[in-house]
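Asks: Pasting in a structure now, in structure tokens, and then I'll have a few things to ask.
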Amino acid sequence: MGKNVCTGDHTGHLCVLASNEEFEEIKQITKNPEHICFNCGRVADCKENLCNPMPLK
């Protein structure tokens, strides 16, 4: 994986949502994933929800 770098405001990132057990929110922002996080491997619809995003396409 890539260098562990968090870009932008960490609020709303999947890692924070998961640690706060906000699973309903996670379901909503991962329905049509277009980005993957180099840090944790999670996927999300928008890059703003990941610490170190890369497009899947």
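Asks: Within the chain, which is the longest segment containing none of the GluC sites (Glu not before Pro) that sit in a DSSP loop and have at most 15 other Cβ atoms within 10 Å?
Replies: 35-57
Asks: Using a simple spin-label model with points 7 Å from Cα along the Cα→Cβ vector, what separation in nm is obtained for Asn32 and Val16?
Replies: It works out to 2.5 nm between the two label points.
Asks: Still on this structure, please answer the following. Shape verdict for the chain, please, from the Cα gyration tensor: rounded (a/c under 1.5), prolate (a/b greater than b/c) or oblate.
Replies: oblate
Asks: Related question: If we count other beta carbons within 10 Å of each Cβ, what is the order of His35, His10, fewest first?
Replies: In order of increasing Cβ crowding within 10 Å: His10, His35.
Asks: Divide by every residue of the chain the summed helix terms, -39500 (n - 2.57) for each DSSP H run of at least 4, and state the resulting mean residue ellipticity at 222 nm, rounded to the nearest 500 deg cm²/dmol.
Replies: Taking each H run of at least 4 residues, the total per residue is -5500 deg cm²/dmol.
Asks: Can you sort Leu14, Leu56, Leu50 from fewest to most other Cβ atoms within 10 Å of each residue's own Cβ?
Replies: With the fewest neighbours first, Leu14, Leu56, Leu50 line up as Leu56, Leu14, Leu50.
Asks: Using amide H atoms built 1.01 Å from N in the peptide plane, name the residues 5+ places from Arg42, or on other chains, whose amide H lies under 5 Å from its own.
Replies: Correct list: Cys37.
Values in this text are rule-based calculations from the coordinates and carry no lab data. None of the values given here were measured: they were computed from a predicted structure. Counting neighbours? That spans all protein chains shown, and the Cβs are built from the backbone with ideal geometry, glycine included.
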